[in-house]
Amino acid sequence: MSQPKRNVPTSFFSSRKQLRRSIADVRTCWTCLFLASLTLAVSSGCVRRRLTVRTTPPGAVVSVDNQTIGTTPAATSFTYYGTREIRVEKEGYKTESIKRRINPPWYEAPVLDFFSESLWPWEIRDERIIDVQLVPETIEPTGEVLQRADDLRRQSRAGVVTSPKSNSR
């Protein structure tokens, strides 16, 4: 005996073939969404920190935290914020030693830094510039230096002790 035909209501999908295509489209959509999310997570941005030291006149040797970074204008990247010791040397000019505090920007506050360092999809640049005006070195005349040496020699023979001349800034 043959089975009676069932009355199947017509639905959105008129055939199994269309249903399979629709399921395949949904899978493709989810796969694309997953791959886009994975790409975003893997290629997430970061914070690039850069410290640049410029001098007037240029061409001075710069050291940051006792590590030479080059001649001015010189730049180096850094990881941590805080106080940096910058030393600038150039022949014919006084050596400058500067302690400069580099404060973190607002997006490096606790909790926010996780998002800016790990999840933000673009690169953030934090550029710090330090300008240094070099002062020419003063060369004392030889006669003046010899006169002071003679005065000290005479005072020491006489038993007089004097404090050294202080250089005030």
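Values quoted throughout were computed directly from the atomic coordinates according to the rules given, and no laboratory measurement underlies them. Remember, it's a predicted structure, so these values are computed and weren't measured experimentally. Please note: Cβ atoms are built from the backbone with ideal geometry, for glycine as well, and neighbour counts cover all protein chains shown.
What the table below lists for this structure:
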read-out: Footprinting exposure proxy for 50, 157 (fewest neighbouring C-beta atoms within 10 Å first); value: 157, 50
read-out: More than 12 Å apart - percent of Cα-Cα pairs taken over segment 63-112; value: 71 percent
read-out: Label-to-label distance, nm, for residues given as residue 67 and residue 120 (7 Å Cα→Cβ offset); value: 2.4 nm
read-out: Summed residue charge, Cβ within 14 Å of residue 136's Cβ, Lys/Arg positive, Asp/Glu negative; value: -3
read-out: Segment 84-141: C-alpha gyration tensor shape, a/c 1.5 cut-off, then a/b vs b/c; value: prolate
read-out: Order by protection proxy (mean Cβ within 10 Å, highest first), peptides 106-114, 81-89; value: 81-89, 106-114
read-out: Packing rank of 55-67, 140-152, where each peptide gets the mean count of other beta carbons within 10 Å, highest leading; value: 55-67, 140-152
read-out: Long-range amide H partners of residue 132 with built H, under 5 Å; value: 54, 55, 56
read-out: Intensity falloff of segment 47-133 expressed as log10 I(q)/I(0), Debye formula with alpha-carbon point scatterers, at q = 0.17, 0.24 Å⁻¹; value: -0.71, -1.13
read-out: Net lengthening on full extension, residue 142/residue 102 (0.36 nm per residue, minus Cα-Cα); value: 10.1 nm
